[in-house]
1. With a point put 7 Å past each Cα toward its Cβ, work out how far residue 171 is from residue 256 in nm, to one decimal.
2. Report, to one decimal in Å, the Kirkwood hydrodynamic radius for segment 171-292 based on all distinct Cα pairs.
3. Can you figure out the FRET efficiency of residue 354 with residue 209, using R₀ = 56 Å and their beta-carbon distance, to the nearest 0.05?
4. At residue 314 and residue 158, where each label point lies 7 Å from the Cα along Cα→Cβ, what is the point-to-point distance in nanometres?
5. Taking a spot 7 Å from the Cα of residue 142 along the direction of its beta carbon, which residues of segment 188-212 have an amide N less than 16 Å from it?
6. Going from the alpha-carbon gyration tensor of segment 309-381, what semi-axes, largest first and in whole Å, does one get by taking the root of 5 times each eigenvalue?
7. Taking the Cβ-Cβ separation of residue 120 and residue 17 as r and a Förster radius of 30 Å, what is the calculated FRET efficiency to the nearest 0.05?
8. Suppose the chain between residue 192 and residue 38 were pulled fully straight at 0.36 nm per residue; how much longer would it get relative to their current alpha carbon spacing?
């Protein structure tokens, strides 16, 4: 039995795929024979999970189907056949582990020297007076024309409750989150917004009596307090995303597009004369050139992953993946081999992991090589 057949049977056993009683007994006996066998079994699981993280989902399914078919028609082998195959596999594993360790150490050392670090809660707040306030995770209190603004330790900017006497006087603040940052803001009506990297949000410290309007450049996730008398409006790239009480994400990083994803409730997207209604689990893409909006069903997780501290990809182009990396880690990305931009990736990873760990997973499972020079990541073919 060759290495592929051994791996297939071990993975089938681990994932509880159909095996005969005899095959299961042989695997259990093989595992009990030595610590080397058990170690190999554990490392095989880890390798499979690493591969599954970035490989295309259709390819995974095809491999799983082939493995299932191979298991179904595979003839059982004796103990010595298992051990012979295991010896070959163990040599392969040692070589793979050595490469894994060497490549990790190389990327780690470069990243540490250049200080490409994950983003954090930080922003700049511009008050109506023109004053600039640097925000981080320290607690502080700010006053802007008798409006008290609290900055909490966990990176949250909160405005006090609404007072009717202030609604007639519109006071505007502006929050700017640069690359490598994120921040959460609680509006005066209790609505919440998570502001992503490279984003600017302008808003009144007290909303008007008829509408709640904010202006956005970049990306933000909104959790709006219901108020039937005052719709909540996000002005972005010349259109409006309107809601009463709901949760949705708006992304305008692309110059000619506005992407709105609805999590709960209902929103409308477009201009006054032509609005499109969006339902939960739908993505509305507005084309700023044609003025048309296309709506489709999507897995919303990949569009709001950043809010929950994750990277989630589903058949995304490598160029799109690296754009997210560039924003969050505050670095530049150059594709030396431009053909790699079209590679499709699926998987997920914590957003707060060090960049070298993220790049390492990509490097060992794709045909790409990543080099760090200063605060620039070069993407090359191996």
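1. 4.3
2. Evaluated over segment 171-292, this radius sits at 14.3 Å.
3. Details: r = 48 Å, r/R0 = 0.87.
According to the calculation, E is roughly 0.70.
4. Placing both labels 7 Å beyond Cα along the Cβ direction yields 3.4 nm.
5. 188, 193-196, 199-206
6. Values: eigenvalues 53, 46, 24 Å².
Equivalent ellipsoid semi-axes, largest first: 16, 15, 11 Å.
7. Working: r = 43 Å, r/R0 = 1.43.
My answer for the efficiency is 0.10.
8. Values: separation 154, 0.36 × 154 = 55.44 nm, distance 4.98 nm.
That pair, residue 192 and residue 38, stretches by 50.5 nm at full extension.
Read-outs throughout are calculated quantities, based only on the coordinates presented, and are distinct from any laboratory measurement. Treat the numbers as computed from the prediction; the structure is a model and nothing was measured. Every residue, glycine as well, gets a Cβ built from its backbone with ideal geometry; the counts of neighbours run over all protein chains shown.
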